[in-house]
Amino acid sequence: MVDSREAILQKATDLGVKFIRLQFTDIFGVLKNVAITLDQLPKALNNELMFDGSSIEGFVRIEESDMYLRPDPSTFTIFPWKPNGDAVARLICDVYNADGTPFIGCPRGTLKRVIAEAEALGYTMNVGPEAEFFLFHTDATGRPTLETHDRAGYFDLTPVDLGEDARRDMVLTLQQMGFEIEASHHEVAPGQHEIDFKYADALRTADNIATFKFVVRTIAQRHGLHATFMPKPIYGIAGSGMHCNISLFRAGQNAFYDPDDDLQLSQVAYYFIGGLIAHARGMTAITNPTVNSYKRLVPGYEAPVYIAWSPQNRSPLIRIPAKRGLSTRLEVRHPDPSTNPYLAIAVMLKAGLDGIKNRIQPPAPINANIFDMEATRLRAEGIDLLPGTLDEALDALEKDPVIREALGPHIYQRFMEAKRIECEEYRTRVHQWEIEHYLTKF
Ligand code: GLN
Ligand code: MG
Ligand code: MG
Ligand code: MG
């Protein structure tokens with residue numbers, strides 16, 4: 001890992017880097033960047049690079065718009081592709097105020113604050129994400145369509161098509177950037193893919209997800225395809241999730257593992273599950289932040305609907321994969337890849353920590369397929385549902401002070417404002433479904 005200023009400057013010079021992208025994400029998870037030339041790099045590494053925060057959605061007002069980018073030297077990476085033959089590098093940045101304090105509206109800084117809370121208790125969180133996406137064709141003018149070539153399904157081996165080619169290229173590119181790819185396969189729906197990279201600590205994984213999405217989109221484009229992380233692009237087939245495999249470590253040991261327990265899970269693991277379940281409704285607006293997200297969270301497509309956990313079944317919110325020992329982990333299944341990775345990981349960690357601090361016992365695990373259970377039994381077992389719409393999720397977030405605290409007042413308020421507007425815009429539009437059902441009927 002290159003992490004000293006001098007080493008970065010040397011490497012950038014040696015490799016003929018012409019441009020450096022200084023990256024950060026806005027509160028909605030959109031990757032932003034300021035490109036600088038090599039001669040500006042020393043200034044950037046001295047945290048002297050100013051930008052106008054008022055032009056970034058959800059950041060600050062015009063009158064307080066001077067903000068600074070502080071590059072994290074450990075994120076220095078060279079992009080394997082070279083526009084016009086020039087090497088381009090990137091650095092991921094934290095956003096700071098003009099007075100040198102961290103900007104509380106910076107999602108990366110927000111995650112760092114929750115990580116510090118975990119560290120104060122002696123815990124480090126590791127996260128391994130499984131992001132799914134669709135590859136669609138573009139039309140003659142380069143606009144994305146909803147068409148795919150392939151008719152393949154889960155793990156299918158098909159005659160090599162455009163999608164397979166693009167995916168192979170994505171994997172190779174990610175590897176060149178230092179990602180360890182653990183699996184890459186076709187998913188259930190036509191045109192749907194998944195690439196899994198190795199887990200890392202919470203902050204590194206959030207950075208990796210942001211980078212991953214950027215690489216997948218870029219490589220797709222180079223193959224004349226459009227990659228989308230939209231959660232449910234097509235009604236009636238599977239949507240795209242981003243399951244997060246979570247573990248906690250303490251003093252080099254997996255804090256979720258206890259060989260003496262029936263399920264070989266520790267008390268800490270049970271409390272963590274308890275916290276995730278207690279705050280599931282409150283955190284969903286963050287992990288599933290678009291109106292479209294809720295079209296994925298419906299029965300029938302391996303996406304969760306019910307707030308429950310299981311050591312076996314894939315229908316509930318949390319599954320415990322069979323691995324134990326150092327690999328003991330929880331798979332949280334509701335996040336989708338439209339989420340801001342920094343905020344999603346921050347709220348999951350916060351929920352789990354709240355479970356540990358307040359000793360929240362989880363309900364009994366559900367081993368049946370929840371989708372086959374009768375409504376009366378679900379009610380009798382006290383199984384609640386995830387929010388059914390973004391509006392409902394925002395109402396639940398409003399009622400959850402713990403999740404609000406994780407976000408901090410700035411992000412919470414800006415997020416709420418923007419997302420309520422999004423809901424209202426959607427609510428007042430006339431959708432294709434209405435035309436099909438009502439135009440001729442009335
Ligand atoms: N696509 C499913 C989802 O929306 C997950 C499918 C799977 O990985 N088993 O979460
Ligand atoms: Mg998977
Ligand atoms: Mg999958
Ligand atoms: Mg999974």
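The values are calculated or read from the model by the stated rules, or taken from the named source; none is laboratory data. Note that the structure is a prediction, hence the values are computed from the model and not measured. Note that each Cβ is placed from the backbone with ideal geometry, even for glycine, and that neighbours are counted across all protein chains shown.
If R314 satisfies every condition in (1) at pLDDT below 95; (2) not in a loop (DSSP other than H, G, I, E, B) but one, which is the exception?
So the condition that R314 fails would be (2).
Anything in the stretch 331-353 that is over 8 Å from the mean Cα position of the chain (by Cα) and either basic (K, R) or surrounded by fewer than 24 Cβ atoms within 10 Å (Cβ to Cβ) (or both)? List them, or say none.
Once the filter is applied, which keeps residues that are over 8 Å from the mean Cα position of the chain (by Cα) and either basic (K, R) or surrounded by fewer than 24 Cβ atoms within 10 Å (Cβ to Cβ) (or both), the stretch 331-353 yields E331, R333, K350, L353.
Is it the case that some residue within the stretch 233-241 is more than 16 Å from ligand 4 (Cβ to nearest atom) and either under 24 Å from Q23 (Cβ atoms) or touching a strand residue (DSSP E or B) at 6+ places or on another chain (Cβ under 7 Å) (or both)?
Taking every residue of the stretch 233-241 in turn, at least one turns out to be more than 16 Å from ligand 4 (Cβ to nearest atom) and either under 24 Å from Q23 (Cβ atoms) or touching a strand residue (DSSP E or B) at 6+ places or on another chain (Cβ under 7 Å) (or both).
With respect to E425, determine if the residue is over 13 Å from I286 (Cα atoms), without any contact (Cβ under 8 Å) to a residue 60 or more places away in the chain, out of contact with any Ser or Thr (no Cβ under 6 Å at 6 or more places or on another chain) and surrounded by 11 or more Cβ atoms within 10 Å (Cβ to Cβ).
no
Quickly run through the stretch 292-316 and pick out the residues that are within 13 Å of ligand 4 (Cβ to nearest atom) and either outside the structural domain of P387 (by the TED database) or under 16 Å from the mean Cα position of the chain (by Cα) (or both).
Hit for the stretch 292-316 is A303, nothing else.
What strands (runs of 3 or more DSSP E) completely inside the stretch 161-234 contain at least 1 residues that are buried (at least 21 other Cβ atoms within 10 Å of the Cβ) and either within 15 Å of ligand 3 (Cβ to nearest atom) or outside the structural domain of N254 (by the TED database) (or both)?
Here the list reads 181-186, 192-197.
Return a yes/no flag: does the stretch 270-292 have any residue that is more than 16 Å from ligand 1 (Cβ to nearest atom), without any contact (Cβ under 8 Å) to a residue 60 or more places away in the chain and out of contact with any Phe, Trp or Tyr (no Cβ under 8 Å at 6 or more places or on another chain).
No, every residue in the stretch 270-292 fails to be more than 16 Å from ligand 1 (Cβ to nearest atom), without any contact (Cβ under 8 Å) to a residue 60 or more places away in the chain and out of contact with any Phe, Trp or Tyr (no Cβ under 8 Å at 6 or more places or on another chain).
Residues checked against (1) closer than 30 Å to E425 by Cβ; (2) touching a helix residue (DSSP H, G or I) at 6+ places or on another chain (Cβ under 7 Å); (3) not acidic (D, E):
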| position | (1), (2), (3) |
| --- | --- |
| N208 | no, no, yes |
| T218 | yes, no, yes |
| I246 | no, yes, yes |
| A255 | no, yes, yes |
| Y270 | no, no, yes |
| A278 | no, yes, yes |
| R281 | yes, yes, yes |
